[in-house]
Amino acid sequence: MLHIVILLGSLIVMVSMCTRILILIAGYIYPTCKCFQAIEMDVLDVDKLLIWCQYWVIIALINVTERIVDPLISWVPLYGEIKLAFIIYLWHPKTQGTTYVYNTYLKPHLSKNIMDIDEKFKLAQTWVEGMLSMHWRRIHTLGHTKFLEVVNFLSLQSLHES
């Protein structure tokens, strides 16, 4: 019985690892190559570029959402496999999933709230700049003080040795 449990556990881990590798390939490597090809074509295909930009917006939102709700969804059976299927649905030419998801769900919501989103980003940027400025002054002052202490210490050491 213990052997069966260990074997089953090992199988689950292997399937999970394979799924993660497939997600990296299907969700990032393949779309990156296709996006690069769309950018570097002799004649730019704006429709392809638009689809890949929409794809990356969707993937970015999925990644942010996953980071926030990971403790709630990480235990869901077959979550990785469902995510893999969804990623393939997004970029597969026959499904046109990216266009559907973007136009049906994201665009209406983001378009309606873009001014609020921009305002919140500006506030966050101002706050971050203020924090960085404050901490930079503290670090600069501390560094300057410590440097002078080291110089003073070294000069005192050289006087004692003389």
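Each value in this text was obtained by applying a stated rule to the coordinates, not by laboratory testing. Worth saying up front: this structure is predicted, and the values here are computed from it rather than measured. Quick reminder, even Gly has a Cβ in these numbers, built from the backbone with ideal geometry, and neighbours come from all protein chains shown.
Data overview
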{"item": "Mean Cα-pair separation over length for the chain, i.e. relative contact order, pairs under 8 Å, 6 or more apart, %", "result": "21 percent"}
{"item": "Viscosity 1.002 mPa s, 20 °C: Kirkwood-radius Stokes-Einstein D of segment 2-95 over Cα pairs, µm²/s", "result": "141 µm²/s"}
{"item": "Computed over the chain, Cα set: Rg, Dmax in Å", "result": "26.4, 85"}
{"item": "Eligible lysines near LYS122 by straight Cα distance, threshold 24 Å, same-chain separation 8 or greater", "result": "LYS107, LYS112"}
{"item": "Axial C-alpha extent at least 27 Å, average Kyte-Doolittle at least 1.6 - helices from the chain (DSSP)", "result": "2-24"}
{"item": "Length gained when the stretch ILE82-VAL43 is fully extended (0.36 nm per residue, less Cα-Cα span)", "result": "10.5 nm"}
{"item": "Mean ellipticity per residue at 222 nm, deg cm²/dmol - from DSSP H runs of n ≥ 4 across the chain, formula -39500 (n - 2.57)", "result": "-29000 deg cm²/dmol"}
{"item": "Charge tally in the Cβ shell below 15 Å around THR19, where Lys, Arg are +1 and Asp, Glu are -1, THR19 excluded", "result": "0"}
{"item": "Full-stretch length increase - ASN113, MET17 - with 0.36 nm per residue and alpha-carbon distance subtracted", "result": "30.7 nm"}
{"item": "Theoretical gain in end-to-end length, LEU2 to THR99 [0.36 nm per residue, Cα-Cα removed]", "result": "30.0 nm"}
